[in-house]
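Note sheet for the following structure.
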Amino acid sequence: MRRLPSLTALRTFECAARHAHFGRAAAELCVTDSAVSHQIRQLEEQLGTALFTREGRQVVPTSAARRLLQRLQQAFELSRSSDPR
């Protein structure tokens, strides 16, 4: 049975893919650029696919990343809309 990715890694991925930049994601999440890179690398290893192509300081989401981003954003929105507060 495959282990699910951590919520932290998925949240980090969502932020990095939305910004297409690890540094901006790090600033939003209040972590280091290195922490974002580490989370993304772990997620890529766990999923067995590249999620970004690196072009200097910019990162470009792959087609797999764009699909994952869309589904994650839907899931995060559902979880916010079902919040009883």
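A short reminder: the numbers here are calculations on the coordinates, not readings from a lab. From a predicted model like this one, the values you see are computed outputs, not experimental measurements. Heads up, the Cβs are rebuilt from the backbone with ideal geometry, glycines too, and the neighbour counts pull from every protein chain shown.
Filtered by the rule that a residue be aliphatic (A, V, I, L, M), more than 9 Å from the chain's Cα centre (by Cα) and under 24 Å from residue 77 (Cα atoms), the range 26-38 gives 26, 27, 29, 31. Annotation: of all residues in the range 1-24 being aliphatic (A, V, I, L, M) and over 13 Å from residue 43 (Cβ atoms), the one that is nearest to the chain's Cα centre (by Cα) is 20.
Just checking, which of 41, 11 is of a type in the set (D, E, K, R), out of contact with any Lys or Arg (no Cβ under 6 Å at 6 or more places or on another chain) and closer than 24 Å to residue 77 by Cα? Only one candidate qualifies: 11.
Considering the range 1-21, the residues that are outside any helix (DSSP H, G or I) and not charged (D, E, K, R) include one that is surrounded by the fewest Cβ atoms within 10 Å (Cβ to Cβ), namely 1. Output the residues belonging to the range 34-60 that are β-branched (Val, Ile, Thr), outside any helix (DSSP H, G or I) and touching a strand residue (DSSP E or B) at 6+ places or on another chain (Cβ under 9 Å). Answer for the range 34-60, where residues must be β-branched (Val, Ile, Thr), outside any helix (DSSP H, G or I) and touching a strand residue (DSSP E or B) at 6+ places or on another chain (Cβ under 9 Å): 53, 59, 60.
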